[in-house]
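K.L.:
This is the structure I have questions about; it appears just below.
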Amino acid sequence: MTSVTHTDVLIIGAGPAGLMAANALENQGVDWICLEKRSEPSTLSKALGIQARTLEMFELLNVHRPFLERGYPGPGTKLHLGDTTPSTEELYHIQSRYPYILIIPQSETEEILEDQLTQSGKSINREHHVIEVSQTAEGVYVKADYNGEIHEYRAKYLLACDGSHSKVREALDVEFEGKDDGFTFFLGDVDVPEFNDIYINVFLNDRGAAAFFPYKDGSYRVVGLDRSKQGQPRQDELALEDLQESLDTILPEPLQVENPKWLTYFGTAHRQVDTYRKDRTFFVGDAAHIHNPIGGQGMNLGLQDAVNLAWKIDAVLKGHATDSFLNSYHHERYPIGKDVLRETSAMLRIVLLDGTVGKIRNWAGKWALTQNWVQQRVANHMSHVYNDYDKTEQNRSLRDPSLPKKALQAGDRVPDYLLFFDGTTDERLYPFIRRHGHLCLIYIDDAQDEAVIDYAYDFARKVKEKYSDLITVYLVARGGTVSSNPDHELPIIYDVHHDLQRHVGMRNGHTLLIRPDGHVAFHETTSNSENTLAKIKRFFS
C-alpha cells in the first residue's frame, strides 16, 4: 500500500515562482513540499531582469545579497528609434534603494533561491511527474510518478507554479484564456566583440527590433523580431548564421556575434486564468499569466505573486485569519497581471508600427524621452514600485477618510524609509519588517501625551493576547523622553527624519499596520483599542 505524505502546502514546480514561494513559506515557518519534474536545475538563462520591487521582496526575505553580488545593475536603456542617434531612459528615477534593473540569468536566480533552501536544510523533490490532482473541502490530493513509483501527497493548500503548460491547471479544468501572438522572436546569449555598453540597447525600425542586454561577464543577451522572417513555419533551432543574418537586416550598422552559449526561436502569447484561486489551489507565475517579454515583466510578476500569497497562507494556518482572507491573493494580483498583459500587448503593437505611423512613433518616442517627468513615470512603472493594491474592495473598505489626501492607506506600498534612530545609528524600515513580519507603529507627537501612551500600551497588550507574536507594536516618537509603563515595556523608536510624518502622513495617535510584504494593512486615526482591534479582524477576514 502506498503511503501518503502530509504537508501544509504543496508546491508544484521549482522554477523562479515555486522557489520563491518555498523561500517565503520557509521564512514564515510553514511546512511545505515542492515537487519538480526536472531531474536537475535549468542551466538556461531565460528571463534575466530583476526589477526594483522584486529586489525589495528579496530583501524582505533576506535573500537579496547573493543577487546583488552576482548580478549586474543596468542603469537604463538606450532606445534607437529608426536609424538616428539613441535616446536614453535613465533608471535612477526609481523611488527605491534599487534604482536599476538587475541583470542576472534565470538559471542563477533559481540557483540562489534553491541554495537558500538548502541552507535551511530543505530540498526539492525532483523527478516527480504529477499525474493526478483532486480537491476536497479539507485539502488537496496529488499523485506523482517518481521513476516508476507512485507517490501520494496531501496538503491543506496547493500552489500551482508549474508554468504555462501547467499540469495542475489542466487537471482542475481551469481555462487559460487568451491567444497566441503569431510572431517568432530570436534569442541568443553571445559575445559581441565590437559592442561595449553598460546600457541595454534597443533598436527599433521598419525592419524589426533587436535588444542587447549586457551580462556581467561581458557577453550579451540578444533578443528580437525580424520582420522578414515572420509567417514562416515555426522552428525552435536557431543557427548562429541565422541570428547574424537577422541582426544584419535590423541594425543600422553591422555587429558581429560569436561564441553562442544559447540560441533559440520562441513564440509568445497573452493568456491569463480568470481566477488565481480555485478552492484550495492557487495559480502562481506563468501558470496564472503569460505574455511577451517586452519590458522584462513576466518572471517578476511570478516572484511577487509568491510573496503576496505566502504570508497570507501562514496567517490562515496559524488561525489568525479566515480562509476567505486568501481570496485577497486573486483580488490583489489578478488586476496587476491583467494590466501587464494589456501593456505588453500594446507595446508589441507599437513595435510593429511601420511606414508613416512608425515615423510618428519614432518622433514621439524621442520627444517623450527628453521629458524628465516621462522618464520618471516610465522608470517607476516598469520597476513595479507603483504596483499598489489600494483599489481592491477589501482595501478600499479599510481606508480612513479622515487621513490627509496623500497619506498612505490600505494596500499602498511603503517605501524603505530611513526611519529609526536608537541614539547611535539610523535604521531602515525593511529590516524591521523582515524581523517582525506584521509591524504596527503608533505615532506620538508629544512625548508626554499620556492619552496616546495609555492607548499604545493598552492596544499592545490586547494584540499580544489575541494574536500572540504575529504583530509587533512600536511606539514612534518625534523626540523627547517617553514615560514607560513598568508593567509592560513597549519598544520606542524615533522619527527623527520625520519620514513617517511627511511621507506616510502619520500624526499624533495614528496607528499604521504594515504587512510582511511591505504594503499597508491599514492606517487608522482613532486612538481606540477596540476600534483598531476590530479593524485588524476585518483585515484578516
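The values are calculated or read from the model by the stated rules, or taken from the named source; none is laboratory data. Only a predicted model underlies this, so the values are computations on that prediction, with no experimental measurement involved. As a convention, Cβ positions derive from the backbone with ideal geometry for all residues, glycine included, and neighbour counts pool all protein chains shown. Side chains included, ligands, DNA and RNA excluded: accessible areas come from the protein's heavy atoms. Shrake-Rupley method; radii C 1.70, N 1.55, O 1.52, S 1.80 Å.
K.L.:
Can you sort S527, S219 by solvent-accessible area, 1.4 Å probe, largest first? Working shown, then result.
P.N.:
Numbers: S527 55, S219 5 Å².
I get S527, S219, largest accessible area first.
K.L.:
When the Cα atoms of the stretch 191-294 are enclosed in a convex hull and the volume is divided per residue, what value in Å³ results?
P.N.:
Working: hull volume 15.9 nm³, N = 104.
It comes to 152 Å³ per residue, whole-number rounded.
K.L.:
What whole-number value in cubic angstrom gives the convex hull volume per residue for the C-alpha atoms of the stretch 366-473? Write out the running numbers ahead of the final one.
P.N.:
Details: hull volume 19.9 nm³, N = 108.
Per residue, the Cα convex hull of the stretch 366-473 comes to 184 Å³.
K.L.:
Using alpha carbons only, how many degrees (0 to 90, rounded to 10) separate the axis of helix 106-119 from the longest principal axis of the chain?
P.N.:
Between the helix axis and the principal axis of the chain, the angle is about 40 degrees.
K.L.:
At q = 0.10, 0.13, 0.14, 0.17 Å⁻¹, what log₁₀ I(q)/I(0) does the stretch 106-247 have when each alpha carbon counts as one equal point scatterer in the Debye sum?
P.N.:
Relative scattering, expressed as log10 I(q)/I(0), comes to -0.62, -0.89, -0.95, -1.06.
K.L.:
Still on this structure: Mind listing the Cα extents of the stretch 271-426 along all three principal axes, in Å, largest one first?
P.N.:
Taking the Cα atoms of the stretch 271-426, the three principal extents are 61, 48, 33 Å.
K.L.:
Describe numerically, in nm with one decimal, the distance between label points set 7 Å from Cα along Cα→Cβ at E258 and at S39.
P.N.:
Here the modelled spin labels are 3.6 nm apart.
K.L.:
Tell me, how many Å apart are the Cα centres for the stretch 381-447 and for the stretch 204-260?
P.N.:
Using only Cα atoms to place each centre, the spacing works out to 44 Å.
K.L.:
With an 8 Å Cα cut-off and a minimum separation of 6 or more residues, compute the relative contact order for the stretch 129-250 in percent.
P.N.:
Values: 162 pairs, mean separation 21.3, N = 122.
Reported relative contact order: 17 percent.
K.L.:
Bin by bin, in steps of 5 Å, what percent of the Cα pairs in the stretch 29-183 do you find, going until the bin that has the longest distance?
P.N.:
2, 7, 12, 14, 14, 15, 14, 10, 6, 3, 2, 1, 0
K.L.:
How much area per residue is accessible in the stretch 279-319 when the probe is 1.4 Å and only protein heavy atoms are counted (Å²)?
P.N.:
On the way: 800 Å² over 41 residues.
Here the residues of the stretch 279-319 average 20 Å² of exposed surface.
K.L.:
Where does helix 355-368 land angle-wise versus the long Cα axis of the chain, in degrees 0 to 90, nearest 10?
P.N.:
For helix 355-368, the angle is close to 40 degrees.
K.L.:
Over the stretch 166-222, what per residue volume does the convex hull of the Cα atoms give, in whole Å³?
P.N.:
In the stretch 166-222, the Cα hull volume divided by residue count equals 153 Å³.
K.L.:
Do any trypsin sites (Lys or Arg not before Pro) in the stretch 307-371 lie in a loop, going by DSSP, with at most 16 other beta-carbon atoms within 10 Å of their beta carbon, and if so which? Walk me through the numbers on the way to the answer.
P.N.:
Values: sites: K312, K318, R333, K338, R342, R349, K359, R361, K366; in loops: K318.
Of the trypsin sites (Lys or Arg not before Pro), the ones in loops of the stretch 307-371 whose Cβ has at most 16 other Cβ atoms within 10 Å are K318.
K.L.:
Just read off the accessible area of K156 with the full protein assembly in place, 1.4 Å probe, to the nearest 10 Å².
P.N.:
90 Å²
K.L.:
To continue, here is another question. Going by a ≥ b ≥ c, the root eigenvalues of the Cα gyration tensor, does the stretch 1-119 fall in the rounded group (a/c under 1.5), the prolate group (a/b larger than b/c) or the oblate group?
P.N.:
Values: a/c = 3.19, a/b = 2.11, b/c = 1.51.
Prolate, since a/c reaches 1.5 and a/b exceeds b/c.
K.L.:
Still on this structure, please answer the following. Could you tell me which trypsin sites (Lys or Arg not before Pro) in the stretch 187-239 are loop residues by DSSP with no more than 15 other beta carbons within 10 angstrom of their beta carbon?
P.N.:
On the way: sites: R207, K216, R221, R227, K229, R234; in loops: R207, K216, R234.
Here the sparse-neighbourhood loop sites are K216, R234.
K.L.:
For the chain, what does -39500 (n - 2.57) per DSSP helix run (n ≥ 4), summed and divided by total residues, give at 222 nm, in deg cm²/dmol to the nearest 500?
P.N.:
Details: 14 runs with 171 residues, N = 541.
Here the helix-only value at 222 nm equals -10000 deg cm²/dmol.
K.L.:
How big is the dipole moment of the stretch 260-308 about its Cα centre under a simple scheme where the beta carbon of each Lys and Arg is +1, that of each Asp and Glu is -1, and everything else is neutral? Debye, nearest 20, please. Intermediate values should be presented prior to the final figure.
P.N.:
On the way: 5 positive and 4 negative charges, 17 e Å.
The dipole magnitude comes to about 80 debye.
K.L.:
Which Cα, out of S328, L303, L341, lies furthest along the positive dipole direction of the stretch 302-383 (beta carbon charges, K/R +1, D/E -1)?
P.N.:
Selected residue: L341.
K.L.:
For the chain, place one equal point scatterer on every Cα, skip the solvent, and apply the Debye formula. What is log10 of I(q)/I(0) at q = 0.08, 0.11, 0.13 Å⁻¹?
P.N.:
-0.57, -1.02, -1.31
K.L.:
Can you give me the angle between helix 240-250 and the longest principal axis of the chain, using Cα atoms only, in degrees from 0 to 90, rounded to the nearest 10?
P.N.:
80 degrees
K.L.:
Ok, one more. Would you work out what percent of the accessible area of the chain, with all protein chains in place, is carbon or sulfur (probe 1.4 Å)? The partial results should precede the final answer.
P.N.:
Details: 11380 of 23060 Å².
It is 49 percent, rounded to a whole number.
K.L.:
Let me know the charge dipole size of the chain about its Cα centre in debye, to the nearest 20, where only the beta-carbon of Lys, Arg (+1) and Asp, Glu (-1) is charged. All intermediate terms of the calculation are to be shown ahead of the outcome.
P.N.:
Details: 57 positive and 78 negative charges, 272 e Å.
In total the dipole reaches around 1300 debye.
K.L.:
Right, next: For the stretch 1-42, taking Cα atoms only, what is the radius of gyration to one decimal and the Dmax to the nearest whole Å?
P.N.:
When restricted to the Cα atoms of the stretch 1-42, Rg and Dmax are 11.5, 35 Å.
K.L.:
Please pull out the direction-averaged projected area of the stretch 234-335, using the convex hull of its alpha-carbon atoms, in nm² to one decimal place. It would help to have the intermediate numbers written out before the result.
P.N.:
Values: hull surface 37.7 nm².
In nm², the orientation-averaged hull projection of the stretch 234-335 is 9.4.
K.L.:
Checking the cross-link filter: which lysines have an alpha carbon closer than 30 Å to that of K366, excluding same-chain neighbours under 8 positions apart?
P.N.:
Correct list for K366: K46, K78, K216, K229, K338.
K.L.:
Continuing with the same structure: Quote the charge dipole size of the stretch 36-143 about the Cα centre in Debye, to the nearest 20; the model charges only the Cβ of Lys and Arg (+1) and of Asp and Glu (-1).
P.N.:
Values: 11 positive and 16 negative charges, 8 e Å.
So the dipole magnitude of the stretch 36-143 works out to roughly 40 debye.
K.L.:
Could you point to the residue in A171, Y443, Q28 farthest towards the positive end of the chain's charge dipole, with +1 and -1 charges on the Cβ of Lys/Arg and Asp/Glu respectively?
P.N.:
Y443
K.L.:
For the stretch 302-376 and the stretch 517-541, what is the separation of their Cα centres, given in Å?
P.N.:
27 Å
K.L.:
Ignoring ligands and nucleic acids, what accessible area does T249 show with a 1.4 Å probe (Å², nearest 10)?
P.N.:
Accessible area, nearest 10 Å²: 50 Å².
K.L.:
Set the Förster radius R0 to 22 Å, insert the Cβ-Cβ distance between S3 and S123 as r into 1/(1 + (r/R0)^6), and round the FRET efficiency to 0.05. Please list the in-between numbers first.
P.N.:
Values: r = 19 Å, r/R0 = 0.86.
That pair, S3 with S123, gives E of 0.70.
K.L.:
For the stretch 255-409, with the dipole built from +1 on Lys and Arg beta-carbon atoms and -1 on Asp and Glu ones, taken about the Cα centre, which of A368, T275, N395 lies farthest toward the positive end?
P.N.:
Farthest along the dipole direction, towards plus: A368.
K.L.:
Let me ask you something else. Using only the heavy atoms of the protein chains and a 1.4 Å probe, how would D217, D242, D354 rank by accessible area, largest first?
P.N.:
On the way: D217 115, D242 55, D354 75 Å².
Sorted descending by solvent-accessible area, the residues read D217, D354, D242.
K.L.:
Just in the stretch 84-176: which chymotrypsin sites (Phe, Trp or Tyr not before Pro) are loop by DSSP and have at most 14 other Cβ atoms within 10 Å? Let's see the in-between values first.
P.N.:
Numbers: sites: Y92, Y100, Y141, Y146, Y153, Y157, F176; in loops: Y92, Y100, F176.
Answer in residue order: Y92.
K.L.:
Can you give the relative contact order of the chain as a percent, counting alpha carbon pairs under 8 Å and 6+ residues apart? Don't skip to the end; give the middle numbers.
P.N.:
On the way: 1111 pairs, mean separation 81.3, N = 541.
15 percent.
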